[in-house]
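The structure under discussion appears below in the form of structure tokens.
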Amino acid sequence: LLFSSGSQVVIGRKIGQNKFEEVSRVFFTSLVFTGIIAVVIALIICVFSEPVSVLFGARSDNGTLSSTMDYLVSLAIGAPAHLLTLYLIPLFQLDEKKRLVDSATVIMTVVNISLNILFVLNHAGIKGIGLSTSISYYVALFILLSHFFEKKKGILLQGKFGVSRASL
């Protein structure tokens with residue numbers, strides 16, 4: 001969220017200055033950096049799921065440690081999609097892609113609820129609930145990334161990394 005807010009400010013300023021190549025550079029640099037941070041966070045949570053669970057108050061003597069670890073790991077699998085989606089949403093709104101953001105959010109919610117029901121009915125437990133959340137964020141991310149394959153790319157993809165301003 002921090003990168004998204006900072007990127008929004010910098011990108012907004014660059015748009016106002018008509019520096020569209022710099023808009024693309026800031027956007028892609030922040031996108032890659034957010035993705036790397038998300039993968040590192042996911043790996044840390046997966047590798048250190050027990051101490052993180054204990055930090056959150058889970059204990060082995062009352063049976064919460066194992067289920068908390070399962071839930072954290074299943075959520076960590078979706079951390080890259082989650083953080084990248086959180087990064088992209090405000091920037092896509094800045095790029096006048098509100099309908100795409102709304103569609104991704106609604107579909108993500110429907111997928112999450114549907115998978116929650118499916119996993120509960122199939123006795124997947126707390127791990128299934130975490131996986132449904134992770135999967136739903138990947139669905140939203142893929143919907144948002146479809147923007148990169150559109151003919152009219154928008155402000156974020158101009159200059160060196162995207163289309164030229166003249167083609168819009």
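Derivation of every value follows stated rules applied to the coordinates shown; laboratory data play no part. Please read these numbers as outputs of a predicted model, since none were measured by experiment. Please note: Cβ atoms are built from the backbone with ideal geometry, for glycine as well, and neighbour counts cover all protein chains shown.
Centre-to-centre separation between the Cα atoms of the range 1-49 and those of the range 64-132: 20 Å. Assuming R0 = 45 Å, what is the FRET efficiency of residue 55 and residue 9, from their Cβ-Cβ distance, to the nearest 0.05? Between residue 55 and residue 9 the formula returns 0.85.
Per residue of the chain, the DSSP helices (runs of n ≥ 4 H) give a summed -39500 (n - 2.57) that works out to -25000 deg cm²/dmol at 222 nm. Which is the longest stretch in the chain that no exposed loop site breaks, taking sites as chymotrypsin sites (Phe, Trp or Tyr not before Pro) with a DSSP loop state and at most 16 other Cβ atoms within 10 Å? My reading of the result: 57-168 is the longest stretch. Angle of helix 64-76 to the longest C-alpha principal axis of the chain, folded into 0 to 90 degrees and rounded to 10: 20°. Taking the C-alpha atoms only, the angle from helix 2-16 to the longest principal axis of the chain is near 10 degrees.
Potential lengthening of the chain between residue 114 and residue 32 amounts to 26.5 nm, from the contour at 0.36 nm per residue minus the alpha-carbon distance.
Each of 88, 106, 23 was scored by the projection of its Cα onto the charge dipole of the range 1-122, and the greatest displacement toward the positive side belongs to 23; charges sit on the C-beta of Lys, Arg, Asp and Glu.
Compared with the direct C-alpha span, the chain from residue 102 to residue 67 gains 9.3 nm at full extension, assuming 0.36 nm per residue.
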